[in-house]
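Presented below is the structure to which this report refers.
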Amino acid sequence: MNATDARKATGIGAAVRRKEDFRFITGNGNYTDDINRQGQAYAYFVRSPHAHATIDAIDFADALAAPGVLSVLTGKDVAADGLGGLICGWLIHSKDGSPMKTGAHPVLALTHVRYVGDHVAVVIAETAAQAKDAADLVNVSYGELASVSAVAQAQDKAAAQVHPEAPRNTCFEWELGDRAATEAAFSKAAKIVRLDFANNRLIPNAMEPRAAIGEYDKGTGIYTLHTTSQNPHVARLVLSAFVGLAPENKLRVIATDVGGGFGSKIFIYSEETVCVWASKKVGRPVKWVAERSESFVSDAHGRDHQTHAELALDANGKMLGLRVKTIANLGAYLQLFSSSVPTYLYATLLSGQYDLPAIYCEVDGVLTHTAPVDAYRGAGRPEATYVLERLVETAAREIGMDPAEFRRRNFIRKFPHQTPVIMAYDVGDYEASLNEACRLINYADFPARRRESESRGMRRGIGFSAYIEACGIAPSAAVGSLGAGVGLWESAEVRVNPTGSVEVLTGAHSHGQGHETTFAQLVSDRLGIPIDNVEIVHGDTDKVQFGMGTYGSRSGAVGMSAIQVALDKVIAKARKIAAHVLEAGEGDIVFEDGRFSVAGTDRGMAFAELALQAYTGHKFPTSEIEPGLKESSFYDPTNFTFPAGCHIAEVEVDPETGVVRVEKFVAVDDFGNIINPMIVEGQVHGGVAQGIGQALLEHAVYDPETGQLLSGSFMDYCMPRADNLPSFDVGVTITPAPSNPLGLKGCGEAGAIGSPPAIINAITDALGIRDIAMPVTPERAWRAARGL
Amino acid sequence: MYQFEYHRPKTVEEVTALLARCESPKILAGGMTLLATMKQRLAAPSDLIDLQDIPGISGISADAKNVTIGAMTRHADVASSKEVARAIPALAYLAGRIGDPLVRHRGTIGGSIANNDPAADYPAACLGLGASIVTNSREIPADDYFRGMFETALKDKEIILRIVFPIPQNAAYQKFPNPASRYAMVGAFVSRSAAGVRVAVTGAGPGVFRMTAMETALAKTFTPAALDGITAPIGEMLQDMHASGEYRASLIGVMAKRAVASLTG
Ligand SMILES: Cc1cc2nc3c(=O)[nH]c(=O)nc-3n(C[C@H](O)[C@H](O)[C@H](O)COP(=O)(O)OP(=O)(O)OC[C@H]3O[C@@H](n4cnc5c(N)ncnc54)[C@H](O)[C@@H]3O)c2cc1C
């Protein structure tokens, strides 16, 4: 294969099979639980069985005496060592200007437990079984208190209080948009459409449960944490600067192979904090691996909104204004980004794809006696899309206009477009996605398909969702002005070896996304070298200097752009060296298909030859050009990116049983340029599966009286399975993003963002009803079908 | 899981002796229910007595009248058995819809009916076919065996050896799975034989039960329409986060009708 063919096979745009998959599917991955350290002991956490209680006493004498037990530690020990609590990294202000209100989030509970699963004590023993056995012997005297778990009750005067610092359990009362302008728009409306709905609470359920090993080196004073993190550098920063575990230079965090996160592994939890801290106390590495039941109660959950929304239209079906009031459940404590998800990641997307002149949104963030709620695949954007696309479809039906036509009439068509809710959309073609989706699903023939279903006693419906989302949130200064405690750039380092192979160190983090393949494709494409000569290194704070990790579909737009900038620097330096070696002017050096050559001559050298020249330093003046070939970049984009697209779902409902079958699902997405279409399609499939899961199956349910998690295992928490899903039809339209050099927008979350309203719109269409609550269980659909 | 002693006896007599001798023993069949319960620390037997080495208590045989299935026969073996498919296809169909492939290759019919989960499938077949449960001390008709939620006629330390299913004229099973666990939210087993029509329902109530009103109606006219208007008592239905009693009661009618329809073509 010559260089051009090689590039076609493995470069940008090629559907390269994932390099990492062989390792994973043959059981050769190296996940945290696969790692075992010499002399390692095991931690087991004593968790609160109550939603809300005082801790009156902890008697662990029997546990300490149990076989194999090395130590039992409680919140008092954490406090005695002066460790800080866990933090929220995004400061939100209420309408009145006051900062958000919440109580401290201790690593191990001190005086109160605030949700079932809250961390009370840790037992460290020789084996995991001994730790668990001994944990049974820890006798905690609780003073049980009333609790509140439902978002709708949290602000009641009579509701139990989660933190004294937050009266009426209200963390913030935030607003966005122009209230007066929106009132004015509504006063001119010919038609106002109103809906109330909940966005159901979800539990992430990554395939690999969370895990950690903390280790302390007495000789150097360095701690090492192996953990399941989507952003190991952020973990190190938080554990160092805020929790105070160790200075940053004395803490190494390693998270290489991680089996899924969906947001839940962004956050810094008690368990890994304790493993690191306790490793010095017991003088042994300390390992903890979550059991699935622990994941259910203690991983940060997602969604859980209660919303009232209104859309104002003029007499021609033109949208005039949108008014939204949301109460968002934050759980018992704020996790790392809890406060940003229902605010800046939510209300800023409420303009959708539409030219909406006036928007006003209020969000109350409330605390409840439930697990913390934070970012989960889509983080705020699925909730926004649900609000808008349910309203839009309902409005179209109520004014008797075709839902596709109604959307066309209101699409934004001129770019850049400043929405009334911060975002400045740079590029897009919403009608292109809508038209392609209609074509793929054969929209015109839907009535015939509906008649066919009806002939079998079934009810068929179709539903649209034209979503927009924001990825790669940046630039850092803009994010900072909204309250973020961090910048959202990304770093990359390209190290060319003397033999011409390349290591790329990235601050982005792969936990299923396939970066080892897509990032290597970029390098293969740009340097013209085989993809197997490229190694992607991530997830180790000793190797990668700093990075912000992966979430919010940022790795392509931000992470790969950083690599691209570093590659440009590598090529620029290589060109200088080539000029000396080939004895030509720098301006005459052409770099093409992995070869440096002198324009118009047959003199040239392969990239690998140049790399060797760079390291020998024999043929260029090292006083002018440093030997070696290694460049890095900290890249900060100029804007968010705005992936958008159109999903259409077609469902069939069995009115006798209420079973909803998704018969067809079309997703047409504009992710900007695409590096690997197969991986992108895989991301869409996974996202849509999760979105259909939210719409039909998944529901985290707390008992309203006791605050116990009722859906605490897969027996009751319903994950989507292959037979719940149709074969998806996935299409693309492309408008390259202008805010980064590769024109990428991001594809990791779109599936979960766009799909839920499409499904609900289809079900309400099938049953001829206005609304139905997610998840649409068979019973809910059955009731709706009989008008119950 | 707590510590326990593990035994692997070779005869039923040895099992009986162990059961008599051990402090709080449990019989281990496929372990699909028992081991999970032990892992959650909801059960803590002192001894586990594994039945897998005992000859003669697994396997399937059929004659003109009955299909006999040994207690240790795995669900997958029932699902794929030619004898069962020929004699009582509904039983093979039912076994093939229990849990997932893993569960079907470990779980046993004896374990399933000893456990008598109110949402399990086999109890519907036993009651719907009028099977007999043969133990080491007696033979118990299905009508006397199932006593409500996780309750059976088994005495302490009694061992199920096999289940004898009389071959019906025909039979059908319709299962409405719980979307999450895929146990039966409602399962209706309908059979027709010289002895009459039987309709057994699992998943809906606190244990498998017969719908006698449906049996009477179907004995007169064996059509789905014969079941119109026959409803199960809502107050006696199970209720949980997945389904109300009202919904379960309605599903009984739908599933029973679909079972009958599949037999009347
Ligand atoms: C994920 C999952 C999904 C499942 N889905 C379904 C489903 O859809 N439908 C369904 O019906 N079931 C389902 N099951 C249950 C499954 O069928 C189990 O196999 C069954 O309930 C128990 O059988 P076992 O052989 O595993 O018994 P074990 O777990 O070994 O034992 C269960 C109980 O029976 C006792 N016991 C076992 N054998 C005998 C005997 N010969 N005599 C006396 N007592 C005995 C044991 O002491 C124990 O108390 C599911 C299980 C799992 C884990």
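The values are calculated or read from the model by the stated rules, or taken from the named source; none is laboratory data. Worth saying up front: this structure is predicted, and the values here are computed from it rather than measured. Neighbour counts run over all protein chains shown; Cβ positions are idealised from the backbone, glycine included. What goes into the accessible areas is simple: the full protein's heavy atoms, side chains included, and nothing from ligands, DNA or RNA. Shrake-Rupley method; radii C 1.70, N 1.55, O 1.52, S 1.80 Å.
Taking the Cα centre of each part, how many Å lie between the range A:448-472 and the range A:150-176?
Distance between centres, Cα-based: 38 Å.
Using a 1.4 Å probe on the protein heavy atoms, what percent of the accessible area of the protein assembly as shown belongs to carbon and sulfur?
52
Counting pairwise Cα distances across the range B:151-231, what percent come out greater than 16 angstrom?
Of all Cα-Cα distances in the range B:151-231, 62 percent exceed 16 Å.
For A:TYR142, what accessible area in Å² do you get when you roll a 1.4 Å probe over the heavy atoms of the protein chains, rounding to the nearest 10?
Roll a 1.4 Å probe over it and A:TYR142 shows about 50 Å².
Express in Å², to the nearest 10, the accessible area of A:THR26 obtained by rolling a 1.4 Å probe over the protein heavy atoms while all chains stay in place.
Answer for A:THR26: close to 60 Å² accessible.
Kindly report the accessible area of the range B:60-264 per residue (heavy atoms of protein chains, probe 1.4 Å, no ligands, DNA or RNA), in Å².
About 39 Å² of surface per residue is accessible.
If you take all C-alpha pairs in the range A:599-719, what percent of them are over 17 Å apart?
Percentage above 17 Å: 78.
At q = 0.14, 0.16 Å⁻¹, what base-10 log of I(q)/I(0) does the Debye formula yield for the range A:283-410 when every alpha carbon is treated as an equal point scatterer in vacuo?
Cα-only, vacuum Debye calculation for the range A:283-410: -0.67, -0.80.
Could you order peptides A:554-564, A:318-328 by the average number of other Cβ atoms within 10 Å of their residues, highest first?
In descending order of packing, they fall as A:554-564, A:318-328.
Could you please put A:ASP56, A:ASP257 in sequence from largest to smallest accessible area, using a 1.4 Å probe?
On the way: A:ASP56 100, A:ASP257 15 Å².
Solvent-accessible surface, decreasing: A:ASP56, A:ASP257.
Normalise the Debye intensity by I(0) for chain A, one equal point scatterer per Cα, no solvent, then take log10 at q = 0.06, 0.07, 0.11 Å⁻¹ and round to two decimals.
The Cα Debye sum returns log10 ratios of -0.39, -0.53, -1.23.
In angstroms, what radius of gyration and Dmax does the range A:505-559 have, counting Cα atoms only?
Values for the range A:505-559 (Cα only, Rg and Dmax): 11.1, 30 Å.
Give the share of C-alpha pairs in each 10 angstrom bin for the range A:1-155, from 0 to the last occupied bin, in whole percents, shortest bins first.
9, 23, 23, 17, 14, 9, 4, 0
Could you quote the convex hull projected area for the range B:5-50, Cα atoms only and averaged over all directions, in nm²?
Its average projected convex-hull area is 3.0 nm².
Which whole number gives the average count of other chain Cβ atoms within 10 Å of the Cβ atoms across peptide A:703-711?
Average neighbour count from other chains, rounded to a whole number: 1.
Please report the relative contact order for chain A, taking Cα pairs under 8 Å with a sequence separation of at least 6, and give it as a percent rounded to a whole number.
Contact order relative to length: 16 percent.
What residues have an amide H closer than 5 Å to that of B:GLY107, excluding those fewer than 5 places away on the same chain, when H is modeled at 1.01 Å from N in the peptide plane?
Hits under the 5 Å cutoff: B:HIS75.
Per DSSP H run of n ≥ 4, the term is -39500 (n - 2.57); total these for chain A, divide by its residue number, and report the mean residue ellipticity at 222 nm rounded to 500 deg cm²/dmol.
It lands at -8000 deg cm²/dmol.
Along each of the three principal axes of the Cα atoms of the range A:654-722, give the extent in whole Å, ordering the values from largest to smallest.
Dimensions of the range A:654-722 along the principal axes of its Cα atoms: 50, 32, 18 Å.
Using the Kirkwood radius over C-alpha pairs as Rh, can you work out the diffusion coefficient of the range A:202-298 via Stokes-Einstein at 20 °C, viscosity 1.002 mPa s, in µm² per second?
Working: Rh = 13.4 Å.
For the chosen part, D equals 160 µm²/s.
Where a Cα-Cα gap under 27 Å defines reach, which lysines qualify for A:LYS630, not counting those fewer than 8 residues away within the same chain?
List returned: A:LYS8, A:LYS19, A:LYS250, A:LYS543, A:LYS569, A:LYS573, A:LYS576, A:LYS619.
Loop-only check: which GluC sites (Glu not before Pro) in the range A:134-208 are DSSP coil with at most 13 other Cβ within 10 angstrom?
Details: sites: A:GLU144, A:GLU165, A:GLU173, A:GLU175, A:GLU183; in loops: A:GLU165.
Answer in residue order: A:GLU165.
How much length is gained if the chain between A:ALA424 and A:ALA184 is pulled fully straight, taking 0.36 nm per residue apart and subtracting their Cα-Cα distance, in nm to one decimal?
Result: 84.1 nm gained on full extension.
Straight-line reach only, C-alpha to C-alpha below 19 angstrom: list the lysines that A:LYS101 could link to, leaving out same-chain residues fewer than 8 apart.
Partners within reach: A:LYS157.
Hey, what do the phi angles of the range A:524-529 turn into as Karplus ³J(HN,Hα) couplings, whole Hz, using 6.51/-1.76/1.60 and θ = phi - 60°, x for Gly and Pro?
4, 5, 6, 9, x, 10
For the range B:187-236, what is the convex hull (Cα atoms) projected area averaged across all directions, in square nanometres?
3.5
Over the range A:687-788, what number does the Rg to Rh ratio reach, with both radii from the alpha-carbon atoms and Rh per Kirkwood?
Reported Rg/Rh, Kirkwood definition of Rh: 1.09.
Which entries of B:LYS10/B:LYS175; B:LYS26/B:LYS82; B:LYS39/B:LYS157 have Cα-Cα distances beyond 27 Å here?
Beyond 27 Å between Cα atoms: B:LYS10/B:LYS175; B:LYS26/B:LYS82.
Using only Cα atoms, what is the ratio of the radius of gyration of the range A:512-662 to 2.2 N^0.38 Å?
Details: Rg = 22.6 Å, N = 151, 2.2 N^0.38 = 14.8 Å.
In units of the 2.2 N^0.38 Å rule of thumb, it is 1.52.
Quick one: the Cα spread of the range A:8-87 along its three principal axes, in angstroms, biggest first?
For the range A:8-87, the Cα extents along the three principal axes come out at 67, 32, 27 Å.
Keeping all protein chains in place and using 1.4 angstrom, which order do A:PHE591, A:PHE45 fall into by accessible surface area, from largest down?
A:PHE591, A:PHE45
Not counting ligands, DNA or RNA, and with a 1.4 Å probe, what is A:LEU710's accessible surface area in Å² rounded to the nearest 10?
Accessible area of A:LEU710: about 70 Å².
In whole Å, what are the extents of the range B:85-232 along the principal axes defined by its C-alpha atoms, from largest to smallest?
44, 36, 32
Hey, got the average number of other protein chain Cβ atoms within 10 angstrom for residues in B:243-254? Show your work: numbers first, answer last.
Details: counts 5, 2, 0, 4, 9, 1, 0, 7, 6, 0, 1, 5.
The per-residue average across the peptide is 3.
Would you mind estimating how fast the range A:169-234 diffuses translationally, via Stokes-Einstein at 10 °C and 1.306 mPa s with the Kirkwood radius over Cα pairs, in µm²/s?
The Stokes-Einstein estimate is 85 µm²/s.
Hey, what's chain A come to in accessible area per residue, 1.4 Å probe, Å²?
Accessible surface, normalised per residue, equals 34 Å².
Report Rg (one decimal) and Dmax (nearest whole number) for the range B:26-130, counting Cα atoms only, units Å.
For the range B:26-130, the Cα-based Rg and Dmax read 13.9, 46 Å.
Averaged over its residues, how many other protein chain Cβ atoms are within 10 Å of peptide B:177-183's Cβ atoms?
Other-chain Cβ atoms within 10 Å of each residue's Cβ, averaged: 6.
Taking every DSSP beta bridge with both residues inside the protein assembly as shown, roughly what % is antiparallel (nearest 5)? Kindly include the intermediate steps, with their values, before the conclusion.
Working: 136 of 170 bridges.
Just about 80 percent of them are antiparallel.
Compute and list, largest first, the equivalent-ellipsoid semi-axes of the range A:553-620 from the alpha carbon gyration tensor, each √(5λ) rounded to a whole angstrom.
In descending order, the three semi-axes are 26, 13, 10 Å.
Which lysines have a Cα less than 17 Å from the Cα of A:LYS95, not counting those fewer than 8 places away in the same chain?
Correct list for A:LYS95: A:LYS325.
Direction-averaged shadow area of the convex hull around the Cα atoms of chain B, nm²?
For chain B, averaging the hull's shadow over all directions gives 13.7 nm².
Taking a probe of 1.4 Å and counting only protein heavy atoms, give the total accessible area buried between chains B and A in Å², rounded to the nearest 100.
In total, chains B and A hide about 1900 Å² from solvent.
How big is Rg to Rh over the range B:198-263, alpha-carbon atoms, Rh as the Kirkwood inverse-mean-distance radius?
Expressed as Rg/Rh, it is 0.97.
Quick one: pull the percentage of alpha-carbon pairs in the range A:119-164 with a separation above 15 Å.
On the way: 630 of 1035 pairs.
Looking at the range A:119-164, the distances longer than 15 Å represent 61 percent of pairs.
Kindly state, to the nearest 0.05, the FRET efficiency for B:THR223 paired with A:ALA65, given R0 = 60 Å and r defined as their beta-carbon distance.
Calculated value: 0.25.
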